[in-house]
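Here's the structure, in structure tokens; my notes come after.
The values are calculated or read from the model by the stated rules, or taken from the named source; none is laboratory data. Note that the structure is predicted; figures quoted are calculated from it, not measured. Cβ sites come from the backbone with ideal geometry, for glycine too, and all protein chains shown count toward neighbours. Ligands, DNA and RNA are excluded from the accessible area calculation, which covers all protein heavy atoms including side chains. Shrake-Rupley method; radii C 1.70, N 1.55, O 1.52, S 1.80 Å.
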Amino acid sequence: MPDQLLAWVELGSEPGVAPGPLERVRALLNTDDRFHRTDHLVGGPAGLVAFRDALRRYLADGDATALDALAAGHPLVVTFGDGAAALVPAGADALVTGLLADVHRAHAAGEWTRLKACANPDCQWVYYDSSRNRSGRWCSMNECGDVMKARAYRQRSRQA
């Protein structure tokens with residue numbers, strides 16, 4: 001079965017590509033492209049838009065209220081096949097439920113904390129922080145990192 005999400009997202013778009021299934025989640029979050037003021041999910045499935053917005057709130061400020069409510073309506077079932085346990089969608093909206101399973105896997109693997117929104121308030125691109133000590137702040141050091149450091153320098157210069 002082809003991945004239905006591919007109709008709405010572009011996997012592997014730099015910067016900050018995530019490993020494995022977490023890339024699907026990261027790509028979905030970036031359909032709300034704040035830097036270019038473009039929403040690539042306009043006219044898309046309402047459930048997918050609601051999931052993206054709830055997940056972005058959860059990623060940005062830890063508010064899980066909307067995500068918890070959404071998850072309650074998208075049950076996952078544990079299956080045991082091929083000697084391994086897996087979470088599989090049990091509801092009608094398999095796309096959103098599958099993405100919820102990807103988020104769960106990322107939490108269980110300790111990868112969720114590496115998914116971050118760029119600290120540049122004009123950007124907020126969601127990226128996977130692959131730095132060794134998980135201290136990345138910007139989606140790209142060459143773009144947002146330079147801009148933010150220059151802003152901070154100018155601010156310090158004005159105050160001196």
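Taking amide H positions as modeled 1.01 Å from N, with prolines and chain starts lacking one, the residues under 5 Å from residue 115 and 5 or more places away or on another chain are 129. Across 78, 25, 96, mean-square fluctuation computed from a Gaussian network of the chain (C-alpha pairs under 10 Å connected) peaks at 78. Solvent-accessible surface of the chain, taken per residue with a 1.4 Å probe and all protein chains present: 57 Å². With helices as the sole contributors, the chain gives -12000 deg cm²/dmol at 222 nm; each DSSP H run of n ≥ 4 counts as -39500 (n - 2.57), and the sum is divided by every residue. In the range 89-160, the portion of solvent-accessible area held by carbon and sulfur atoms comes to 50 percent [1.4 Å probe, whole percent, DNA, RNA and ligands not counted].
Assuming R0 = 41 Å, what is the FRET efficiency of residue 46 and residue 135, from their Cβ-Cβ distance, to the nearest 0.05?
Working: r = 37 Å, r/R0 = 0.90.
Calculated transfer efficiency: 0.65.
Of the labelled figures (1) 17.4, 66; (2) 16.7, 50; (3) 15.6, 54, only one reflects Rg and Dmax of the Cα atoms in Å as derived from the coordinates, namely (1). In the range 71-133, the alpha-carbon atoms span a convex hull of 124 Å³ per residue. A straight chain from residue 65 to residue 94 at 0.36 nm per residue would run longer than the Cα-Cα distance by 8.3 nm.
3J(HN,Hα) along the range 32-41, derived from phi through the Karplus expression 6.51 cos²θ - 1.76 cosθ + 1.60 where θ = phi - 60°, amounts to 8, 7, 6, 5, 8, 6, 10, 10, 6, 9 Hz, with x in place of Gly and Pro.
With θ taken as phi - 60° and the Karplus curve 6.51 cos²θ - 1.76 cosθ + 1.60 applied, the whole-hertz 3J(HN,Hα) list for the range 53-67 is 5, 5, 5, 5, 4, 5, 5, 6, 9, x, 7, 9, 4, 5, 5 Hz, x standing for glycine and proline.
Rounded to 0.05, the FRET efficiency of the residue 142 and residue 37 pair, given R0 = 25 Å and the Cβ-Cβ distance, is 0.70. The distance linking the range 91-134 with the range 48-87 is 11 Å (Cα centroid to Cα centroid, whole angstrom). Remark on the chain: 144 stand apart, with no other cysteine beta carbon under 4.7 Å. With contacts taken as Cα pairs under 8 Å at a separation of at least 6 residues, the range 3-160 carries a relative contact order of 22 percent.
With the highest mean first, a sort of the peptides 84-94, 13-23, 121-131, 49-59 on other beta-carbon atoms found within 10 angstrom per residue produces 49-59, 121-131, 13-23, 84-94. Kirkwood analysis of the range 1-77, using all unique Cα-Cα pairs, places the hydrodynamic radius at 13.4 Å.
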